[in-house]
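See structure below.
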Amino acid sequence: MTDAPTLLVARVVLDSPLPQLDRLLDYRIPPDLAETVREGSLVLVPLRSGGRQTLAYVVEIVGESDYAGRLSDVSSLVSTVPVLPRRLYDVARSVADRQVGGAADVLRLALPRRYVRAEKSFAARPVDESSRVDPAEIEGLNGLDQDSAKLAISVPFSQAPNANGVSSTAWSVLMGRFARNALAKQQSAILIVPDFRDIARVVADLEADGLGDRVCRLDAECEPAVRWVNYLRCVRGDDVIVVGSRSAVYAPVARLGALVMWDDGDPVLDEPMAPYAHPRDVALLRHQSEGGVLAFLSLSPSAHVARLVEIDWLTQVNVTDRSRPTVIPLDEGIAEGPHSIPSVAWQWAAQEVDVAPVLIQVPGPGHSQLSVCASCRERSQCTACGGPLRRKVRGTVADCRWCGRLATDVTCRACGSHEIVDVSPGTTWTADMIGKSFPHTPIVVSDGERIVTEIDPTPQIVIATPGAEPFCPGGYSTVIILDAGRQLYSDKMRVIENALRLWAHAIACCSPRGRVFVRGAGNRLGAVLGSGTYDDYMRGEVAERTQLHLPPAARMAHLTGTASVVSRALEALPREGIYSVLGPMPEGDDHVRATVLFSYARGGDITQSLRASVVSAATARRRAGSTPALRVRLDDAHVGSHGL
């Protein structure tokens, strides 16, 4: 008598955006695949309708199923190398539950594009035996638990030497030390930065420290095949240093020793894809489940980090030094020198440009950022949408900054004049003007159209937009921030927070012996820049928002759909923990939008209710090609007029 074959059941998560399928489904593993299908495998499975097949990830393999009916078989094995470790699925599930999204949506962000040839080469490669790494000392952490500390670190404005003695940014050197300490404990580190320039800076400092072979880049600038291999190194459990932007926070390292994020308030880190989870929130979830050091580094803290410090969830650490440049706020009414630059700033820059580079920050690229009526000076407006007009190139027709329409026929709504003039010079206009006064000094322009990452510390003048300032070893002798007030021209709640962050980054470009002139920031914010009290200001900002139950002191959900569906979802919400409901208000054709502000304490109950409403609406609307009847976005800072 022969024994009956052992039943093996694969519990899989489907690669499907449908919310009603966002759960683990059971499939029978046929005998011919029993030896090859493993946890983490990528497989092909059938769906119950239309004979369709879909990709799925094996989360676990069990010996029985709770499903009473007949199980469908796994169709085939797609990848012989496991690609989804259980630890990554657990992170995806936690993020999806918090954001009222699907685990498959999170996994699309977390997993790079698969490359079969690179995968086969990786599978045949033996595991590298890495040499032991000695730890590094980190200033300001004495007395703290460096195995599981939760830190908000204000980094120095001055530059710091890397391991080769080359000038670098203080924050990137500090990140490298956290990574070294993780490797010394035979653990991995994840370093999250906003963009490709920051990634290049961090990687250069790690290579200078002899850690280049441990670096695993998981960013869009990395070659796709290399990115896939780097991801597989994390899955295999190698002790690595993951460097990347938003999606790198999901890197499935086996032993997380440090998760460090630079400048979490940068809008570039806002996740534009469902379920819209900010990497900062993902980092918080990972720390709760995996431990390790969690550190947020900044020059000027975000409101979210300031709140976490205020409730004692994060420990504030100041490693700033006193060697900050002198910051001189200037009023709008101060005497102007040539080219609309304040005379005191112009005189200082003129005498310093022969010593070291000078940086002039202007609000935007192109010729001009704003055009006004030549007669009454009222802002010129687009005849189609009412948006502001600007001239990208000198001598060309102005266009609308909102809709892009050319302003071939302009009439001032205030006085009827047909003439406009340009104000608020952009990078090219400023460069042209400065070049006439300094004909023998090189002029460098760095903006969104042409980014210069680094310059030599030789006499030159750099015209840059916020965030595009080139790195200068040793720092600039002078930094002039023109039209700083234009950073405040927004009704978003985060406008001051973001302006302080941009100004702080420009100030950090200056040499400690140099001077920074800021025009147009106003008395209150100018005092913050002059004294460097960014942390104190953000604490006050958070206190005001807490009294009003506004983010980050409250969570926020945007509901969009038909009026009946949104109303049912609002009625189904638990009453406790909801601070306010804004709307519903019209949103396009036949749709409405409502915004719910609710507490963190009852966040789980409210997101669970919203999730049930999303599944109910999706199940009730199955017409092919139709859009979901209800969409929910959690903590999205860019939705409609309620955006923050």
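The single condition among (1) open to solvent by less than 50 Å² (accessible area, probe 1.4 Å); (2) within 25 Å of the chain's Cα centre (by Cα); (3) of a type outside the set (A, V, I, L, M, F, W, C) that Asp22 does not meet is (2).
Search segment 102-131 for residues being part of a loop (DSSP other than H, G, I, E, B) and without any contact (Cβ under 8 Å) to a residue 12 or more places away in the chain, and hand back the single one that is most open to solvent (accessible area, probe 1.4 Å). Ranking the qualifying residues of segment 102-131, first place goes to Glu129.
Those strands (runs of 3 or more DSSP E) of segment 544-603 in which 2 or more residues are open to solvent by 20 Å² or more (accessible area, probe 1.4 Å) and among the hydrophobic types (A, V, I, L, M, F, W, C) occupy 578-586. Looking across segment 519-538, the residues that are assigned to a loop (DSSP other than H, G, I, E, B) and in contact (Cβ under 8 Å) with a residue 12 or more places away in the chain come down to Gly520, Ala521, Gly522, Gly532. Just so you know, in segment 435-466 the residues that are over 17 Å from Val393 (Cα atoms) and among the aliphatic types (A, V, I, L, M) include one that is most open to solvent (accessible area, probe 1.4 Å), and it is Ile451. Going by what's in this entry, would Ile496 be described as over 22 Å from Arg515 (Cβ atoms) and not hydroxyl-bearing (Ser, Thr, Tyr)? When the stated conditions are applied, Ile496 passes them.
Restricting to segment 563-579, name every residue that is under 31 Å from the mean Cα position of the chain (by Cα) and within 12 Å of Arg631 (Cα to Cα).
First pass over segment 563-579, keeping only residues under 31 Å from the mean Cα position of the chain (by Cα): 566, 569-570, 573, 577-579.
If the condition is that a residue be under 31 Å from the mean Cα position of the chain (by Cα) and within 12 Å of Arg631 (Cα to Cα), then Val566, Ala569 are the ones that fit.
So which of Leu389, Leu359 ends up being modelled with pLDDT of 75 or more, farther than 30 Å from Cys509 by Cβ and crowded, with 19+ Cβ neighbours inside 10 Å? It would help to see each step written out before you state the result.
Details: Leu359 fails: farther than 30 Å from Cys509 by Cβ.
After applying the criteria, what remains is Leu389.
Of the set (1) within 29 Å of Ala601 (Cβ to Cβ); (2) in contact (Cβ under 8 Å) with a residue 12 or more places away in the chain; (3) open to solvent by 10 Å² or more (accessible area, probe 1.4 Å), all apply to Gln99 but (3). In the set (1) more than 23 Å from Ala103 (Cα to Cα); (2) part of a helix (DSSP H, G or I), Ile606 fails one condition alone, (1).
Residue-level analysis places Thr607 outside the set of residues that are within 12 Å of Thr560 (Cα to Cα), touching a residue at least 24 places away in the same chain (Cβ under 8 Å) and open to solvent by less than 20 Å² (accessible area, probe 1.4 Å). Residues being over 26 Å from Arg611 (Cβ atoms) and of a type outside the set (Asp, Glu): count how many of those fall in segment 43-70. Count: 9.
Does segment 404-426 include one or more residues that are under 22 Å from Ala468 (Cβ atoms) and open to solvent by 80 Å² or more (accessible area, probe 1.4 Å)? Checked segment 404-426: no residue is under 22 Å from Ala468 (Cβ atoms) and open to solvent by 80 Å² or more (accessible area, probe 1.4 Å). Residues that are more than 18 Å from Met175 (Cα to Cα) and among the charged types (D, E, K, R) within segment 256-285 comprise Asp270, Glu271, Asp281, listed in sequence order.
Only residues that are under 20 Å from Asp535 (Cα atoms), part of a helix (DSSP H, G or I) and either open to solvent by 30 Å² or more (accessible area, probe 1.4 Å) or of a type in the set (Asp, Glu) (or both) were counted in segment 483-518, giving 6.
Restricting the search to segment 435-482, which residues are hydroxyl-bearing (Ser, Thr, Tyr), farther than 19 Å from Thr326 by Cα, at pLDDT 90 or above and outside any loop (DSSP other than H, G, I, E, B)? Matches in segment 435-482: Ser446 only. Taking the numbered list (1) of a type outside the set (A, V, I, L, M, F, W, C); (2) open to solvent by 10 Å² or more (accessible area, probe 1.4 Å); (3) over 28 Å from Val100 (Cβ atoms); (4) in contact (Cβ under 8 Å) with a residue 24 or more places away in the chain in turn, Ser245 passes all entries but (3). Among the residues here, Ser75 does not qualify as open to solvent by less than 20 Å² (accessible area, probe 1.4 Å), of a type in the set (Ser, Thr, Tyr) and more than 21 Å from Arg246 (Cα to Cα).
Restricting attention to segment 15-40 and to residues that are in contact (Cβ under 8 Å) with a residue 60 or more places away in the chain and not aliphatic (A, V, I, L, M), the residue that is farthest from Ala617 (Cα to Cα) turns out to be Gly40. Within segment 258-286, the residues that satisfy the criterion of being farther than 19 Å from Ala103 by Cα and part of a helix (DSSP H, G or I) are Pro267, Val268, Leu269.
The values are calculated or read from the model by the stated rules, or taken from the named source; none is laboratory data. A quick note: this is a predicted structure, and the numbers were derived from the prediction, not measured. Glycine also receives a Cβ, built like all others from the backbone with ideal geometry; neighbour counts cover every protein chain displayed. Note: areas computed on protein heavy atoms with side chains; ligands, DNA, RNA excluded. Shrake-Rupley method; radii C 1.70, N 1.55, O 1.52, S 1.80 Å.
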